[in-house]
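As structure tokens, the structure follows; a few thoughts come after it.
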Amino acid sequence: MTASKSSRARNARATAQAGARGGAARNGASGGTAVRDRDQARNGAAARGPRTIEVRDEPAERGPAPWLQIATFVLALAGLGVSIYLTIAHFTESALAGCSESGLVNCTKVTTSPQSYVFGIPVAVLGLAFFVFCVAIMSPWAWRASRREIHLVRIASLVVGIGFVLYLVYAELFTIGSICLYCTSVHVITFLLFVLTAFAAAAWGLKPGAPWKLVPDRQPE
């Protein structure tokens, strides 16, 4: 009976040792598998190279279109040219070329009337100063300015300009009784600048304009 107990004890110890060796072997096998998986993952990442983030090159939303920038700049230059001529004619007291001297169209009557002065300043000089400013504020560089104040000043200046034009038109038609073709051309240019500036603010807001080029960039095929 004692021998039987002793035999069972030996068998139990042998079974326990065998189980321990099997568990160790399984742990070793699972650990080896984990190491191999980790090495394979590292090798795969190295083969793929560094991770890159794809960035789409989409054009950012911009302000007024190039055609509007060019149109307002050309109109401002035209207004400046007429204003220079009117200023020279005012101080030299010379007749305006191609303008009638009688009837409804009478440039001399308009340019020599009391209404040709505002606060003691010749209207021609005020027009010259206005269009010098317009050339600067309507230039493509000013349209592309990032400062919001520049675009606000542009709108404000045209509002003041169109208000002054309405006063001059009223003075010509109802006070003087004649009109001047050169003055009328300045009025029309100012009105067009006002309309285009208001349209730009309504359509694109007070944002920098897209740069314009004489030859546009070719789009990749």
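The values are calculated or read from the model by the stated rules, or taken from the named source; none is laboratory data. The shown structure was predicted, so the numbers you read here are calculated from the model rather than taken from an experiment. Backbone-built Cβ (ideal geometry, glycine too); neighbour counts: all protein chains shown. These accessible areas exclude ligands, DNA and RNA; they are computed on the full protein's heavy atoms, side chains included. Shrake-Rupley method; radii C 1.70, N 1.55, O 1.52, S 1.80 Å.
Give all pairs with beta carbons closer than 7 Å in which a residue from region 113-132 that is within 19 Å of Phe191 (Cβ to Cβ) meets a residue that is open to solvent by 50 Å² or more (accessible area, probe 1.4 Å) and part of a strand (DSSP E or B); count only pairs at least 6 apart in sequence or on separate chains.
Val123/Tyr117
Go through region 193-211 residue by residue and tally those that are in contact (Cβ under 8 Å) with a residue 12 or more places away in the chain, open to solvent by 20 Å² or more (accessible area, probe 1.4 Å) and farther than 19 Å from Ala129 by Cβ. Working first, answer last.
Step one: list which residues in region 193-211 are in contact (Cβ under 8 Å) with a residue 12 or more places away in the chain, which gives 193-194, 196-201, 203-211.
From what's left, open to solvent by 20 Å² or more (accessible area, probe 1.4 Å): 194, 196, 198-199, 201, 203-208, 210-211.
Among the residues that remain, those that are also farther than 19 Å from Ala129 by Cβ are: 196, 198-199, 201, 203-208, 210-211.
Counting residues in region 193-211 that are in contact (Cβ under 8 Å) with a residue 12 or more places away in the chain, open to solvent by 20 Å² or more (accessible area, probe 1.4 Å) and farther than 19 Å from Ala129 by Cβ gives 12.
Would you point out the residue of region 88-105, among those that are surrounded by 16 or more Cβ atoms within 10 Å (Cβ to Cβ) and of a type in the set (A, V, I, L, M), that is modelled with the highest pLDDT?
Once the filter is applied, the top-ranked residue is Ala89.
With respect to Leu181, is the statement that it is more than 29 Å from the chain's Cα centre (by Cα) and touching a residue at least 60 places away in the same chain (Cβ under 8 Å) true? First the steps, then the outcome.
On the way: more than 29 Å from the chain's Cα centre (by Cα): yes; touching a residue at least 60 places away in the same chain (Cβ under 8 Å): yes.
Taking the combined requirement at face value, the residue satisfies it.
Val110: in a helix (DSSP H, G or I) and without any contact (Cβ under 8 Å) to a residue 12 or more places away in the chain, yes or no?
Working: in a helix (DSSP H, G or I): yes; without any contact (Cβ under 8 Å) to a residue 12 or more places away in the chain: no.
No; evaluated as a whole, the condition is false for this residue.
Based on this model, can you work out whether Leu173 counts as in contact with a helix residue (DSSP H, G or I) (Cβ under 9 Å, 6 or more places away or on another chain) and either surrounded by fewer than 21 Cβ atoms within 10 Å (Cβ to Cβ) or of a type outside the set (S, T, N, Q) (or both)?
On the way: in contact with a helix residue (DSSP H, G or I) (Cβ under 9 Å, 6 or more places away or on another chain): no; either surrounded by fewer than 21 Cβ atoms within 10 Å (Cβ to Cβ) or of a type outside the set (S, T, N, Q) (or both): yes.
When the stated conditions are applied, Leu173 does not pass them.
Considering each residue of region 76-87, count those that are touching a residue at least 12 places away in the same chain (Cβ under 8 Å), open to solvent by less than 60 Å² (accessible area, probe 1.4 Å) and more than 17 Å from Thr108 (Cα to Cα), and give that number.
Keep residues of region 76-87 that are touching a residue at least 12 places away in the same chain (Cβ under 8 Å), which gives 76-80, 82-87.
Next, only the ones that are open to solvent by less than 60 Å² (accessible area, probe 1.4 Å) stay: 76, 78-80, 82-83, 86-87.
If we keep only those that are more than 17 Å from Thr108 (Cα to Cα) as well, we get 76, 78-80.
Count: 4.
Output yes when any residue across region 146-169 is open to solvent by less than 60 Å² (accessible area, probe 1.4 Å), within 18 Å of Phe73 (Cβ to Cβ) and not in a helix (DSSP H, G or I), and no when none is. Before you say what the answer is, go through the steps one by one.
Of all residues in region 146-169, those open to solvent by less than 60 Å² (accessible area, probe 1.4 Å) come to 150-151, 154-158, 161-163, 165, 168-169.
Pick out the ones that are also within 18 Å of Phe73 (Cβ to Cβ) and you get 150-151, 154-155, 157-158, 161.
Narrowing further to those that are not in a helix (DSSP H, G or I): none.
So far as region 146-169 goes, no, none of its residues is open to solvent by less than 60 Å² (accessible area, probe 1.4 Å), within 18 Å of Phe73 (Cβ to Cβ) and not in a helix (DSSP H, G or I).
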